[in-house]
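Reviewing the structure listed below.
Quick note: the coordinates plus some simple rules give every number you see, no bench work behind them. In this text, all values refer to a predicted model and were calculated from it rather than measured experimentally. Cβ atoms come from the backbone with ideal geometry, glycine included; neighbour counts cover every protein chain shown.
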Amino acid sequence: MNLFRLLGDLSHLASIFILIHKIQTTRSCRGISFQTQALYVTVFVARYIDLFFRWISLYNFFMKIFFIASSVYILYLMKYRYRPTHDPSIDTFKVEYLVGPAVVLSLIFNYKFEFTEILWTFSIYLEAVAILPQLFMLQRTGEAETITTHYLAALGAYRALYIPNWIYRYFTEDVVDPIAIVAGLVQTGLYLDFFYVYFTKVLQGQKFELPA
Amino acid sequence: HVVEETHDEL
């Protein structure tokens with residue numbers, strides 16, 4: 001564990017609390033992509049299946065439980081409790097285009113051709129692109145509630161902080177995880193446009209609006 | 001070395 005990873009994980013935690021807070025205070029999941037949230041559940045379940053056979057630490061254990069539970073809870077909020085506030089007609093990204101390639105890539109590029117190992121790899125590739133339906137939705141509507149942008153910023157910060165974590169681990173522990181690094185760089189790259197608008201508009205007190 | 005199967009990150 002190092003500071004970058006800890007801050008990254010805390011940022012990830014914060015993003016989930018912000019999202020739940022947004023849904024509950026506005027009593028609405030408007031502007032949130034159900035598809036992205038469903039992909040995150042898939043990612044966490046596929047990756048944290050190792051809860052059953054690999055012990056890392058108490059920290060790691062509770063974080064995994066939290067991420068699985070909170071992502072399922074968010075799906076529940078969107079699918080049942082605040083269902084009428086979700087508009088499927090603007091959440092139309094074809095998730096097959098993300099899941100399909102993630103399956104194929106994980107079968108080809110993995111560390112070991114074993115079921116749980118391929119599930120881990122699949123979760124890494126899928127997480128890299130899981131935000132796309134959400135960003136696509138944002139692009140389509142051209143605007144977002146400020147709280148939603150804070151959620152995305154915290155989520156993006158989590159990914160960005162993992163990069164210095166890998167650099168740090170390379171020098172201090174001589175550890176390199178090429179699959180996580182390549183996928184992580186792609187994932188962080190997807191946030192660049194968003195971050196640009198977030199820093200130049202939202203943090204200056206303006207509404208998040210994309211140029212027409 | 002490469003962290004094959006360590007997977008200690010979240």
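Assuming R0 = 30 Å, can you tell me the calculated FRET efficiency for the pair A:Leu192 and A:Leu6, based on Cβ-Cβ distance, to the nearest 0.05?
0.80
Starting from the Cα of B:Asp8, step 7 Å along the direction of its Cβ; do the same at A:Thr26; then give the gap between the two resulting points in nm.
Placing both labels 7 Å along Cα→Cβ, they lie 4.0 nm apart.
About its Cα centre, what dipole magnitude does the protein assembly as shown give when the only charges are +1 on Lys and Arg Cβ and -1 on Asp and Glu Cβ, stated in debye to the nearest 20?
880 debye
Find the all-direction average of the projected area of the Cα convex hull for chain A, expressing the result in square nanometres with one decimal place.
With every direction weighted equally, the projected area is 12.3 nm².
What trypsin sites (Lys or Arg not before Pro) in region A:107-183 are in a loop by DSSP, with at most 13 other Cβ atoms within 10 Å of the Cβ? Before the final figure, lay out each step's value.
On the way: sites: A:Lys112, A:Arg140, A:Arg159, A:Arg169; in loops: A:Lys112.
Sites meeting the loop and neighbour criteria: A:Lys112.
If you keep only loop residues by DSSP, which chymotrypsin sites (Phe, Trp or Tyr not before Pro) in region A:1-54 have at most 14 other Cβ atoms within 10 Å of their Cβ?
A:Phe53
Using just the helices of the protein assembly as shown, give the 222 nm mean residue ellipticity in deg cm²/dmol: DSSP H runs with n ≥ 4 each add -39,500 (n - 2.57), and the total is spread over all residues, rounded to 500. Provide the component values of the computation, followed by the final result.
Details: 9 runs with 143 residues, N = 222.
Estimated from H runs of four or more residues: -21500 deg cm²/dmol.
Amide H of A:Ala144 versus every other amide H placed in the peptide plane: which residues, excluding those fewer than 5 positions away on the same chain, fall under 5 Å?
Under 5 Å from the amide H of A:Ala144 lie the amide H atoms of A:Phe208, each far enough along the sequence or on another chain.
Sort A:Ser71, A:Ser57 so that the residue with the fewest other Cβ atoms within 10 Å of its own Cβ comes first and the one with the most comes last.
Sorted ascending by nearby Cβ count, the order is A:Ser57, A:Ser71.
Once the piece of chain linking A:Phe171 and A:Glu209 is laid out straight, how much longer is it, given 0.36 nm per residue of separation minus the C-alpha distance between them?
9.6 nm
Residue by residue through region A:89-102, which ³J(HN,Hα) values in whole Hz follow from phi under the Karplus form 6.51 cos²θ - 1.76 cosθ + 1.60 (θ = phi - 60°), with glycine and proline marked x?
Computed from phi, the couplings for region A:89-102 are 6, 10, 10, 10, 4, 7, 5, 4, 5, 9, 5, x, x, 5 Hz.
Given labels modelled 7 Å from the Cα in the Cβ direction, how far is it in nm from A:Tyr73 to A:Ser57?
With each label point 7 Å from Cα toward Cβ, the separation is 2.3 nm.
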